[in-house]
Every structure is written in structure tokens, then in C-alpha cells.
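S.K.: Shown below is the structure under consideration.
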Amino acid sequence: MLTIFLDRDGVINENRSDYVKSWGEFCFLAGSKEAIAMLTNAGHRIIVCTNQAGVARGHLSLETVEEIHRRMVAEIAQAGGIIERVYYCPHGKDENCSCRKPRPGMLLRSRDELGIDMNDALFIGDSISDIQAALAAGVHPILVLTGLGMEHLREHYQEADGPFHIAESLKNTAEIILQGDLLACPTSCGRTFARALLTSPPSLTITRQVQAKALPSLHCQRLPVSKSAILRSI
Ligand SMILES: [Mg+2]
Ligand SMILES: [Zn+2]
């Protein structure tokens with residue numbers, strides 16, 4: 001069993017540059033509810049950690065953020081997925097809090113409150129700050145190319161101070177996790193999962209140099225699913 005931390009905007013639902021300010025503006029990404037249901041059915045724990053600076057900027061109230069999360073969790077539950085907890089940071093960039101990603105505060109709080117073994121945990125996000133938070137908390141980072149993911153891979157990947165995995169979407173990641181479990185061992189744990197990722201065929205591995213070359217093509221074209229099954233960047 002893994003613990004799977006999820007970023008919200010750009011992973012579960014569509015990103016909005018002007019913040020998701022109401023439930024009416026919350027739009028699930030294709031396949032995300034299904035992916036969470038698949039992971040739930042496979043026995044994994046799922047926890048959301050999201051920055052919501054729109055609160056600090058006065059675009060929405062705490063009550064509204066919590067209402068959005070209640071409805072999100074309920075709709076995912078209807079699809080068969082369980083979100084165990086939603087952590088959010090309501091602070092602005094300049095407030096210097098410990099919870100706003102790239103800081104690992106939400107992940108560490110979750111570890112302490114829910115008793116999570118970080119060796120068997122991963123974080124799926126669409127932004128380099130998600131990758132940085134994951135690395136700081138000691139969980140496996142996965143960058144998805146939905147939301148801001150493509151742009152962040154292209155323009156900010158060097159800001160990550162450690163290796164991270166790349167997958168096309170939450171749905172794609174869920175498929176890989178389930179395959180990895182099956183390939184590794186029936187009782188699966190984070191380490192076997194990580195090993196399954198790290199032993200992907202060399203053609204699926206990209207180094208920084210190769211990545212730099214590949215980036216222009218990533219710009220205008222989605223990776224074919226078969227090839228992007230998992231890419232390891234170093
Ligand atoms: Mg995001
Ligand atoms: Zn915060």
C-alpha cells in the first residue's frame with residue numbers, strides 16, 4: 001500500500017489563472033475521478049495538498065474553499081474514490097508560512113497526523129513547487145503534464161534539486177502505479193514501486209541533456225502514451 005499525495009489544481013481539476021473561486025468554477029480533468037477510484041480500489045491512501053493563495057488575496061473565503069473540497073470529495077466518492085484528507089495552504093507568497101509549497105509543511109503535517117511512512121509515499125503534481133515539496137519531505141515526486149506541467153517541465157525543470165518522474169496525467173500515473181504493483185510483487189510497497197519505475201527500459205529514461213533536446217517537441221505535442229508510460233529524469 002502506498003500513500004499518494006495529490007496536488008489539486010492541474011492534477012484533479014483544471015487550473016485557472018484567476019483561481020478556482022467557487023464550485024461552479026471547479027472542473028474535473030478527464031479521467032481524474034476514475035484514476036482516484038482505481039487507486040482507492042487497489043488499497044492506496046490518497047491525500048490532497050493544495051496551495052490556495054486566492055484566500056490570502058481575497059478572491060474566496062475559507063468557507064468557500066472548504067465547501068469546494070467537500071463537494072470535490074463527495075463527487076469523487078460517488079465515482080468510487082476515497083480522499084482521506086484535504087490539506088490546503090491559504091497563505092500568500094509573502095507570508096512566509098511553512099505550509100505553502102515548495103515547502104513541505106502540509107506533507108509533514110500529514111505524516112505526523114496520519115502516521116504515514118514517507119518511504120512508501122509519492123506526490124503527484126503539475127508544478128515544480130510540488131516536486132520541490134516532495135523532495136524536501138522525502139517522498140517520490142511525479143510531475144504530470146496536465147495543468148501547468150508541460151510548461152513547468154519546459155521552463156522550470158532545472159529548479160528541481162533531485163530526480164523526479166514524469167507521467168502524462170493522473171490517469172496515466174494511476175495505470176503505471178497499478179502496473180508497477182503487479183510487476184513488482186503482489187504485496188507491493190513503495191520501494192518495489194520505485195524499483196519498478198527505476199528499472200523502466202532505457203528508452204524511457206531521459207537525462208537532463210536528452211530532456212533539453214526533447215523539450216522543443218514536448219512544447220507542441222503530447223508524448224504518446226506508450227512512450228511516456230514513465231520517464232525518469234535525472
Ligand atoms: Mg497544481
Ligand atoms: Zn501556508
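Every read-out reported here was derived from the displayed coordinates using simple, explicitly stated rules and does not represent laboratory data. Model, not experiment: these values are computed from the prediction. Cβ: placed from backbone, ideal geometry, glycine included. Neighbour counts: every protein chain shown.
S.K.: Run through the stretch 5-90 and list the trypsin sites (Lys or Arg not before Pro) located in a DSSP loop whose Cβ has at most 13 other Cβ atoms within 10 Å.
M.R.: Working: sites: R8, R16, K21, K33, R45, R57, R70, R71, R85; in loops: R8, R16, K21, R57.
Hits after loop and neighbour filter: R57.
S.K.: Where Lys and Arg each count +1 and Asp and Glu each count -1, what net charge lies around D7 among other residues with Cβ under 10 Å from its Cβ?
M.R.: Numbers: positive: R8, K101; negative: D9, D126, D130.
Residues close to D7 contribute a combined charge of -1.
S.K.: Return the whole-Å distance between the Cα centroid of the stretch 130-173 and the Cα centroid of the stretch 87-129.
M.R.: 14 Å
S.K.: Now a separate question. Going by average Cβ density within 10 Å per residue, which order do the peptides 129-138, 60-69 take, highest to lowest?
M.R.: Numbers: 129-138: 23.5, 60-69: 15.8.
Order by mean packing, descending: 129-138, 60-69.
S.K.: In whole percent, what relative contact order does the stretch 1-141 give with Cα contacts below 8 Å and a gap of six or more residues?
M.R.: Numbers: 252 pairs, mean separation 40.9, N = 141.
Worked out over the stretch 1-141, it gives 29 percent.
S.K.: Using θ = phi - 60° and the Karplus curve 6.51 cos²θ - 1.76 cosθ + 1.60, what whole-Hz ³J(HN,Hα) does each residue of the stretch 96-102 get, with Gly and Pro shown as x?
M.R.: 6, 7, 8, 9, 5, 4, x
S.K.: Moving on to the next point. Mind checking which aspartates and glutamates have their C-alpha under 15 Å from K93, skipping anything on the same chain fewer than 8 residues away?
M.R.: D130
S.K.: Stretched out fully, how many nm does the piece from E75 to E25 gain, at 0.36 nm a residue minus the Cα gap? Each step should come with its number before you reach the end.
M.R.: On the way: separation 50, 0.36 × 50 = 18.00 nm, distance 1.46 nm.
Extra length from E75 to E25 when fully extended: 16.5 nm.
S.K.: Determine the shape class of the stretch 3-188: with a ≥ b ≥ c the square roots of the Cα gyration tensor eigenvalues, call it rounded for a/c under 1.5, and otherwise prolate if a/b is greater than b/c, oblate otherwise. It would help to have the intermediate numbers written out before the result.
M.R.: Details: a/c = 1.45, a/b = 1.22, b/c = 1.19.
Here the stretch 3-188 falls in the rounded category.
S.K.: Could you check the spin-label model distance between E84 and A42? Points 7 Å from the Cα along Cα→Cβ, value in nm.
M.R.: It is 1.6 nm.
S.K.: Now, a different point. Once you place label points 7 Å from the Cα toward the Cβ at N119 and K93, how far apart are they in nm?
M.R.: Each label point lies 7 Å from its Cα, and together they span 3.8 nm.
S.K.: Quick one: which of 164-176, 113-125 comes out on top by average Cβ neighbours within 10 Å, and what's the full order, highest first?
M.R.: Values: 164-176: 23.3, 113-125: 19.2.
Per-residue Cβ counts within 10 Å, averaged per peptide and sorted highest first, yield 164-176, 113-125.
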